[in-house]
Amino acid sequence: MSFAPVLHSEWIKARSLPSLGGVLVLLFVVTVGFSLVGSVTLGRQSSAEPDFDPLLISFFGINFGQVVAISFGALVAAAQYKDNGARIWFVAVPRRAMLYLATLVVVAGLIFVVGLATAATCLIGGQWLLGEDRMEWTGPVAVRAIVGCATYLTLMALFAAGLASLLRSATATLGVLVPLVLMLSFVLGDVTSNGGFVAYLPDRAGRQVLVQDPVGSPGAWVGLAVTAAWAAGAVWMGWRAMRRRDA
């Protein structure tokens, strides 16, 4: 069995989920919507502050959009375990590594494409709304932000997909990751000084790529690599669980 038909079957399976299209649209709408609102309100209020970052303000909605990306990865990866459906898939595709890889490719491909469109819209719309406080729309920093934003969302979706394969439940996965990115990271960041292990949490490290002039450690691409390491660890644990457990 070649990889192409397995990938096609995973695409059909993902496409058949009632929530697929809605979640991808929600990813765009939520991220862009909150980013534009943040540019209008937070951007103008903090433009006089010395640490004002016009690039990061344009991507304010990533704080909420990442939750949608996590939900997408968890839903797609956990779909085959619903109602013991894994038995059918493991019989149809005995090579579990191929099946798992196809799931990850579908998740990563869809999120990255939508993430590129989302990031470009956030940057252009946010900078336009900032008016005189905007930065250059073109150049290496803008390209880094667009590609980095799409990559960050993809890594968070893969993080969720790996954890969902380990836990075999989208609900359990969201119960772990959503508090991590919405609560724990912010709380720890508020009660500790800058740097330390908090800076290497998956969400905080990855969002460094959206900072105009990142200082300290990790930097822009190193931070994204840290998020990739977290995602790789979750994917690896998900693979071990899929390989060793019965359907």
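The values are calculated or read from the model by the stated rules, or taken from the named source; none is laboratory data. Small disclaimer: the values here were computed from a predicted structure and weren't measured. Every residue, glycine among them, receives a Cβ derived from its backbone with ideal geometry; neighbour counts consider all protein chains shown. Only protein heavy atoms, including side chains, enter the accessible area calculation; ligands, DNA and RNA are left aside. Shrake-Rupley method; radii C 1.70, N 1.55, O 1.52, S 1.80 Å.
Brief remarks on what is shown
- Pairs of Cα atoms nearer than 8 Å and 6+ residues apart set the relative contact order; for the chain it is 24 percent.
- For the chain, built as a Gaussian network whose Cα springs stay under 10 Å, the top-fluctuating residue of V23, V114, V91: V91
- The angle separating the long axis of helix 170-179 from the principal Cα axis of greatest extent in the chain is about 20 degrees.
- The heavy atoms of I12 offer some 70 square angstrom of accessible surface to a 1.4 angstrom probe.
- Here is the list for the stretch 115-190: chymotrypsin sites (Phe, Trp or Tyr not before Pro) lying in DSSP coil, each with at most 14 other C-beta atoms within 10 angstrom of its C-beta, are W137.
- For the chain, the longest principal axis of the Cα atoms and the long axis of helix 140-167 meet at an angle of about 30 degrees.
- Calculated Rg and Dmax of the chain using C-alpha coordinates, Å: 18.8, 62
- On a per residue basis, the stretch 101-247 carries 45 Å² of accessible surface, using protein heavy atoms and a 1.4 Å probe.
- Rounded tilt (10° steps) of 3-15 against the dominant C-alpha axis of the chain: 70 degrees
- Largest to smallest accessible area among S58, S217, S71 [probe 1.4 Å]: S217, S71, S58
- Computed [θ] at 222 nm, helices only, for the chain once each DSSP H run of length n ≥ 4 contributes -39500 (n - 2.57): -23500 deg cm²/dmol
- Summarising the amide proton neighbourhood of L201: residues at separation of 5 or more, or on other chains, whose placed amide H is nearer than 5 Å comprise an empty set.
- Accessible surface of the chain [probe 1.4 Å, protein heavy atoms]: carbon and sulfur percent: 68 percent
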